[in-house]
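Participant: Please find one structure pasted underneath; my questions will follow.
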Amino acid sequence: LSDAGYPYFRMNFKILSKNDIHYIQDILLAHRTLEFDSVLACNDSLGVGALKYAKARGIKVPEELSVTGYNNGDGRMHEPELTSVDNHLEQICYDTIENMVKVLQGENDVEQNNKIPCQIVKRCSTDF
């Protein structure tokens, strides 16, 4: 990001669970001088954390901050509802298990390059 001239902040990344929504809010609140107008979270729980940050700072979503999550899971449980990328996780799991069974049964003709299209589910946290 820095090579392209985009600002970013470094932090020690760790695996975050649904119980860490407030942790993301607190991280963003600790960096009060950081200016940004959008968040693309790696899952919906972290996207909800960004929405909680915006609410705590009095930032209008989506007018001043756009937030998008990933997995199309928890985002409907928050206000405003979270825009999310639906990666069709259920289909990915089904295809994976189906292929694993084929491999375990000794089949050699197992598809190795499965592509499942994603789609953006627009809700109230973005205005694009």
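Participant: Going Cα to Cα from Lys102, which aspartates and glutamates come in below 19 Å? Please leave out same-chain ones fewer than 8 positions away.
Facilitator: List returned: Glu90, Glu111.
Participant: Test of understanding: in a Gaussian network model of the chain with alpha carbons linked when under 10 Å, which of Pro62, Pro117, Pro80 would top the mean-square fluctuation ranking?
Facilitator: Pro117
Participant: Okay, next question. Going by average Cβ density within 10 Å per residue, which order do the peptides 22-32, 103-113 take, highest to lowest?
Facilitator: 22-32, 103-113
Participant: Using 7 Å Cα-to-Cβ label points, what is the Glu64/Asp95 separation (nm, one decimal)?
Facilitator: 4.1
Participant: Report the residue, chosen from Glu35, Glu64, Glu81, that carries the largest GNM mean-square fluctuation when the chain is represented by alpha-carbon nodes joined by springs under 10 Å.
Facilitator: Ranking Glu35, Glu64, Glu81 by mean-square fluctuation puts Glu35 first.
Participant: Just to be sure I understand the model, the point goes 7 Å from the Cα along the line to the Cβ. What's the resulting Glu81 to Cys124 distance in nm?
Facilitator: 0.9
Participant: For the chain, with the dipole built from +1 on Lys and Arg beta-carbon atoms and -1 on Asp and Glu ones, taken about the Cα centre, which of Cys124, Ser38, Gly58 lies farthest toward the positive end?
Facilitator: Gly58
Participant: What are the DSSP H helices in the chain that stretch 15 Å or more along their long axis, judged by alpha-carbon atoms, and whose average Kyte-Doolittle hydropathy comes to at least -0.5?
Facilitator: Qualifying helices, which must be both long enough and hydrophobic enough, are 44-57, 89-104.
Participant: Right, here's the next one. If I build a Gaussian network model for the chain, linking alpha-carbon pairs within less than 10 angstrom, which residue out of Val101, Val85, Val67 has the largest mean-square fluctuation?
Facilitator: Maximum fluctuation in the GNM of the chain, among the listed residues, is at Val101.
Participant: Can I ask one more? Taking 0.36 nm per residue of separation and subtracting the Cα-Cα distance, what length does fully extending Glu35 through Gln105 add?
Facilitator: Roughly 19.8 nm would be gained on extension.
Participant: If you project the alpha carbons of the range 40-128 onto their three principal axes, what span does each projection cover, largest first, in Å?
Facilitator: Cα spread of the range 40-128 along its principal axes, largest to smallest: 58, 21, 16 Å.
Participant: List the pair-distance distribution P(r) of the range 20-75, using every Cα-Cα distance, as the percent of pairs falling in each 5 Å bin from 0 up to the bin containing the longest distance, rounded to whole percents.
Facilitator: In order of increasing distance, the bins hold 5, 23, 32, 28, 10, 2, 0 percent.
Bear in mind that the values in this text are calculations on the coordinates, not laboratory data. Just so it is clear, the model here is predicted, and its values are computed rather than measured. Please note: Cβ atoms are built from the backbone with ideal geometry, for glycine as well, and neighbour counts cover all protein chains shown.
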